[in-house]
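The values are calculated or read from the model by the stated rules, or taken from the named source; none is laboratory data. Predicted model, so just to flag it, every value in this text is computed and none were measured. Because the Cβ atoms are built from the backbone with ideal geometry, glycine has one as well, and the counts that use them run over all protein chains shown. Quick note on the areas: whole protein, heavy atoms, side chains included, nothing else; ligands and nucleic acids left out. Shrake-Rupley method; radii C 1.70, N 1.55, O 1.52, S 1.80 Å.
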Amino acid sequence: METTLMNSQPIPSILVVDDTPANLLLLTGMLKGLGYKVRSVSDGEFAIQTARHDLPDLILLDVMMPGMNGYEVCKRLKMDDELSEIPVIFLSALNETADKVKAFEAGGVDYVTKPFQLREVQARVAAHLELHRQKKVIQESYDQLHQLEELRDNLVHMVVHDMRTPLTSMKGFLQLLDMVEGETMSKDGKEYINILTDATESLIELASSLLDVSKMEAGEMTLDLGECNMIEIIREVMGKVESLRGDRQFIFEEPKDPIFIQGDAKLLARVIQNLMGNALKFTPDDGSISIGIEAGETCVRVYVQDNGPGIPQESLGRIFEKFGQVKSQQNQRQYSTGLGLTFCKLAVETHGGTIGVDSEVGKGSSFWFSIPVNGPAEALPVDSSTANVCAVKS
Ligand code: ADP
């Protein structure tokens, strides 16, 4: 015999189901001779019980049997969570295409026709046992990876959470040092305090973003909903980032009437600040950034447009993902974690809205988000009418 079973692996077990004793004898003898563990039964109901008692790695199943036929047995196996993954090879005297199709439709992975060619049975059994083994290995690695991922997330969450308190205290003491000793300090000393304060603030921001993102991913972020004046929020954010503007121009075509929505003002301000922060990071010194807001009947659309380098098409799908960054920009010296847009996406989606970007390399990017006017509960599925109401007119 060509086939040998590898010593290092457990011996595969096969269940043979056939109501003809001669067939059972023939197949069982052949498979045992190949070194497999073999059990044989002669009816469908008993086959299911036997399989459940001790899961086999493969079932060879006769089609024509009195009582429950092979197709029905297979369907029952496939509906049972515990048994559904066991591969089933049908044994059939029928050779019509329709019968073979029926075997696959019932959930079989293969079939062999009677009278048996033992070498063919042997080859098909070996192939499907190997496939099943590999599938199990992949599933086990996937489960293990999933567990490790969960463990890592919990660990990161714990570390980041515990980091925030000492960092906040560091920032406080740096500010105190500046207040108390700043006057008498050398120019260099004051500069070092500023650098330290900036670095501490970046770390606090990183910790907060990580915690917020994991909270929102777990659906644990509760919105502090209230009436938000969106124009007011945009103006406030523009004031906050003014110090980073340099010679760049801000263009905000402010609508005449106020625009109110039900939302979490602080969270929405952080979304706009993130988008403006990115626009500032990527816009050249002599460039300009346009901020716009449009009110539709059911939603409000805000956009931040820059004339920076733009984002290559192949990166557009990645930038809203956790830690997703644009490859060609990775070497830029500016500090980047790829969490800002993930935060924006989750915050907008928690409001029942959508976020996106239109970008062209060499021309710039326009990030936009649209949120329902009446808060998350009023979120409408994104359909063409809503999209039109909120569409940015270019
Ligand atoms: P970070 O929080 O590190 O700034 P983001 O999640 O905000 O990262 O952005 C992800 C990536 O998307 C950035 O690394 C950058 O490459 C790209 N990106 C974001 N905004 C712009 C923009 N306005 N112009 C060009 N690239 C951008």
Which whole-number percentage describes the relative contact order of region 232-312, with Cα contacts under 8 Å and a sequence gap of 6 or more?
34
Counting only protein chains, not ligands or nucleic acids, how are GLU360, GLU130 ordered by accessible area (probe 1.4 Å), most first?
GLU360, GLU130
Computed over the chain: relative contact order in percent, which uses C-alpha pairs under 8 Å that are six or more apart:
10
Dimensions of region 105-194 along principal axes (Cα, Å, largest first)?
100, 22, 20
Report, please, the projected area of region 67-221 averaged over directions, based on the convex hull of its C-alpha atoms, in nm².
16.6
Relative contact order (%) - criterion: Cα under 8 Å, at least six apart; region: region 1-155:
18
Looking at region 1-110, which GluC sites (Glu not before Pro) are DSSP coil and have at most 12 other C-beta atoms within 10 Å of their C-beta?
GLU2, GLU82, GLU96
The chain: most fluctuating residue of GLU205, GLU314, GLU349 per GNM, C-alpha cutoff 10 Å:
GLU314
Expressed to one decimal in nm², the mean projection of the alpha carbon convex hull of the chain is 30.5
Using only the alpha-carbon atoms of region 1-126, report the extent along each of the three principal axes, biggest first, to the nearest angstrom.
37, 31, 24
Simple Cβ-charge dipole of the chain, Lys/Arg +1 and Asp/Glu -1, about Cα centre, in debye nearest 20
980
In whole Hz, the Karplus estimates of ³J(HN,Hα) for region 160-170 (6.51, -1.76, 1.60; θ = phi - 60°; x where Gly or Pro) are 5, 4, 6, 6, 5, 5, x, 5, 5, 5, 4
DSSP beta bridges in the chain: the antiparallel percent, rounded to 5, is 55
Counting only chymotrypsin sites (Phe, Trp or Tyr not before Pro) that are in a DSSP loop and have at most 13 other C-beta atoms within 10 Å, tell me the longest site-free stretch of the chain.
1-322
As computed over region 265-364, the Cα convex hull volume per residue (Å³)
109
Scan the chain and report its longest stretch carrying no trypsin sites (Lys or Arg not before Pro) that are both in a DSSP loop and have at most 11 other Cβ atoms within 10 Å.
1-255
Rg and Dmax of region 171-315, using alpha carbons, in Å: what are they?
18.6, 59
Per-bin percent of Cα-Cα distances, region 7-68 [5 Å]
4, 19, 30, 23, 15, 5, 2, 1, 0
